[in-house]
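Trainee: Sending over a structure as structure tokens; questions will come in a sec.
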Amino acid sequence: MHLALRWRAWHGDESLGLDLPPHFKVAVYPPKDGRDIGAEGIRRAFANPIGGPRIAELARGKKHAVIAVDDIARPTPASRVIPPILDELREGGIEDARIRFVMAVGCHRAMTRSEMARKLGEDVVGRFQVLNHTPYERLVRVGETSRGTPVDINGYFLEANLRIGVGQISPHGGPGWSGGAKIAVPGVAGIETITANHKPGRLRLGLVAIEGNEWRADMEEAARLAGLDAIVNVVVNSERGLAGVFVGDLVAAHRRGVERAWEVMSTPLPPGPVDIGIFNQYPKDTEFMHLGHALHVLNSARRPIVKPGGTLVILSASSDGFGFHALEAPGMRHGPTGPRPIFESFRVVVMCPNINQAEMPPSLPNTTRLVPDWAGVLAALEEYHPRGGAVAVFPCGAVQVAARG
């Protein structure tokens, strides 16, 4: 059977062709998905904000605006929503010369100009000041959350008296779903703030869980202290198009966006456990650090997808290499010290052309087979499953969750 999967987000968003021999019985399980809403859908989102006034109204009487945008490791096509943000700001009386962009990289690496241009648009990078956040310098303490998290925020972000955040909503193992307050914490927060909020075991958390999620509640309280006035959150479809745009209050708009994300990303499961599961990290496949996002459907399922002793195949372009996280990378204070429990019952094969064996993190089992191409995957499958078997393919794992019910 021939498969064509999306691959290499931000680096061409190419089609990856894969062939499996006939003794492997293959079924593809895409998300429900959603059509791109187009320019008119984006216009309606800005005209009908959720839980607050239009950005143009927020801008009236304000002197300076800052727009915080998530980094290149996220699939957000920010260049499609920035022009309407700028239109709203101009309508409200804030001229371009009084608008600044901050790349909300949190604990990730700084972005290059080329990456900023891909993310924001060449026109924006050519006309506006665009700065990388650093969690170590130019921070201002704005308070402390009720859970005891000290809140240090980027000084450039705080200099503006209108603060807007741009991000995307997808499954996340900490705050349940990304987006919303996450653009402020960790996006433009200091290292001590992020350390406290992310400390393992300190706050209750959970994949796709919002209610009772202390990690998210702490973020949202911190974002209020940071003065985040409005968010523009997107829900991407399986091809990184816009299946939804949500503008407004950092909680109300985010929750509406989560509802849409459930609709778009819900994925039916195989009728019973299969021998082999293939999970593609797209569209969050720029860095190997985010390999686990390929497995959201596996981690969110209430019943087994792959048989014990079966094989997990994870596909990762990792076009930018391993990636970086000042807290959670191997060797850092919250870095992994051993294999994740999800891998205990399975053989693991990772296909990645841009990582070598020396870079394999301790979060993967020592027995993980790392291969650079599909031929290596096939060789492993023939060894592990010489008689073939049932295969379930999840083509865009970073934006897939197990359907509810």
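Trainee: Mind checking whether some residue in the range 85-93 is of a type outside the set (Gly, Ala, Ser), over 30 Å from Ala160 (Cα atoms) and without any contact (Cβ under 8 Å) to a residue 40 or more places away in the chain?
Mentor: No, the range 85-93 contains no residue that is of a type outside the set (Gly, Ala, Ser), over 30 Å from Ala160 (Cα atoms) and without any contact (Cβ under 8 Å) to a residue 40 or more places away in the chain.
Results for (1) polar (S, T, N, Q); (2) at positive phi; (3) buried (at least 17 other Cβ atoms within 10 Å of the Cβ); (4) in contact with a Ser or Thr (Cβ under 8 Å, 6 or more places away or on another chain), shown as yes or no for each residue.
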| site | (1), (2), (3), (4) |
| --- | --- |
| Gly292 | no, no, yes, yes |
| Leu298 | no, no, yes, no |
| Leu327 | no, no, yes, yes |
| Gly335 | no, no, no, no |
| Ile342 | no, no, no, no |
| Val348 | no, no, yes, yes |
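Trainee: Still on this structure, please answer the following. Quick one: in the range 197-220, of everything that is assigned to a loop (DSSP other than H, G, I, E, B) and among the basic types (Lys, Arg), which residue is surrounded by the most Cβ atoms within 10 Å (Cβ to Cβ)?
Mentor: Residue satisfying both the conditions and the ranking: Arg202.
Here's the yes/no breakdown for (1) of a type in the set (Gly, Ala, Ser); (2) in contact with a Leu (Cβ under 6 Å, 6 or more places away or on another chain); (3) more than 20 Å from Asp285 (Cα to Cα):
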| position | (1), (2), (3) |
| --- | --- |
| Val306 | no, no, yes |
| Ala317 | yes, no, no |
| Gly331 | yes, no, yes |
| Arg347 | no, no, yes |
| Ala358 | yes, no, no |
| Thr368 | no, no, no |
| Pro372 | no, no, no |
| Val377 | no, no, no |
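Trainee: Out of all the residues in the range 54-80, which are surrounded by fewer than 22 Cβ atoms within 10 Å (Cβ to Cβ) and under 30 Å from Gly12 (Cα atoms)?
Mentor: Across the range 54-80, the qualifying residues are Pro77, Ser79, Arg80.
The rows are residues; the columns are (1) touching a Lys or Arg at 6+ places or on another chain (Cβ under 6 Å); (2) in a loop (DSSP other than H, G, I, E, B); (3) closer than 19 Å to Arg74 by Cβ; (4) aliphatic (A, V, I, L, M).
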| residue | (1), (2), (3), (4) |
| --- | --- |
| Ala222 | no, no, no, yes |
| Val234 | no, no, yes, yes |
| Arg240 | no, yes, yes, no |
| Phe246 | yes, no, yes, no |
| Leu250 | no, yes, yes, yes |
| Val258 | no, no, yes, yes |
| Glu263 | no, no, no, no |
| Ile276 | no, no, no, yes |
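Trainee: Which condition from (1) closer than 19 Å to Val28 by Cα; (2) buried (at least 24 other Cβ atoms within 10 Å of the Cβ); (3) among the hydrophobic types (A, V, I, L, M, F, W, C) is the one that Val264 breaks?
Mentor: With respect to (1) closer than 19 Å to Val28 by Cα; (2) buried (at least 24 other Cβ atoms within 10 Å of the Cβ); (3) among the hydrophobic types (A, V, I, L, M, F, W, C), Val264 is out only on (2).
Trainee: Okay, moving on. Given the criteria modelled with pLDDT of 95 or more, among the basic types (Lys, Arg) and surrounded by fewer than 16 Cβ atoms within 10 Å (Cβ to Cβ), does Arg387 qualify?
Mentor: yes
Trainee: Among the numbered criteria (1) within 28 Å of Ala9 (Cβ to Cβ); (2) surrounded by fewer than 15 Cβ atoms within 10 Å (Cβ to Cβ), which single criterion is violated by Arg90?
Mentor: Status for Arg90: all satisfied but (1).
Trainee: Could you pull out every one of the helices (runs of 4 or more DSSP H) wholly within the range 1-93 that has 2 or more residues that are under 26 Å from Glu159 (Cα atoms) and touching an Asp or Glu at 6+ places or on another chain (Cβ under 6 Å)?
Mentor: Per the criteria, 55-59.
Trainee: Any idea which of Arg163, Arg138 is modelled with pLDDT of 95 or more and on the phi > 0 side of the Ramachandran plot?
Mentor: Criteria check complete, one pass: Arg138.
Trainee: Out of Arg163, Arg147, Arg109, which single residue is part of a strand (DSSP E or B) and charged (D, E, K, R)?
Mentor: Just one listed residue meets the conditions, Arg163.
The values are calculated or read from the model by the stated rules, or taken from the named source; none is laboratory data. Just so it is clear, the model here is predicted, and its values are computed rather than measured. Reconstructed Cβ throughout: ideal geometry from the backbone, glycine too, with neighbour counts over all protein chains shown.
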